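Here's the structure we're looking at; comments come further down.
A short reminder: the numbers here are calculations on the coordinates, not readings from a lab. Small disclaimer: the values here were computed from a predicted structure and weren't measured.
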Amino acid sequence: MLGEELRRNLQWNQVLLSQMYNAPKGAPREFAVLRALKKDHPGHMLVFTDVGLHDNLKTKTILMYMKKLLEETKTLGDTDILFMTPYIPGLQKSPSFTGQTEKRTIEFANFFRRFSKNMNISFLDPTELVRPLVSVDGTHYTNGLNEAIVDIISNYILKAS
């Protein structure tokens, strides 16, 4: 039941992200969405983020984003962050993605595990979930993995409440 509600909310959030919001200069548009969500749904909020892969695991870039996100959540108040690292690449991953190797993905995860711990951010590393799985393209997995991630996040929410 909670998993289905979480899926609906994630879909709703994707619709919000597709609309234009006025974000402060230099701040990602997503921050305006967070403010809108907080205004429309006051109370405790959990921000789930899984950035990194589309920036080729560039630690400095993601670190700047995470610091801005942390500042934004502090401004919002009563808001926590759950950071999930990108999946390790599967066997079908094209070798042309030199910035997204298993070694780099694990180094990225280890860096942000330490960062998250120091900043009191919850951390989810899906490495062991995907290690035995086969991916069509080395990056995208089946809905079964998505459902497992939703179950993990749902349990996190239930334990936190």
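How many Å³ per residue does the convex hull of the Cα positions in region 93-161 occupy?
92 Å³
Rounded to a whole number, what is D in µm²/s for region 33-161 from Stokes-Einstein with the Kirkwood radius over alpha-carbon pairs (20 °C, 1.002 mPa s)?
It diffuses with D of about 136 µm²/s by this estimate.
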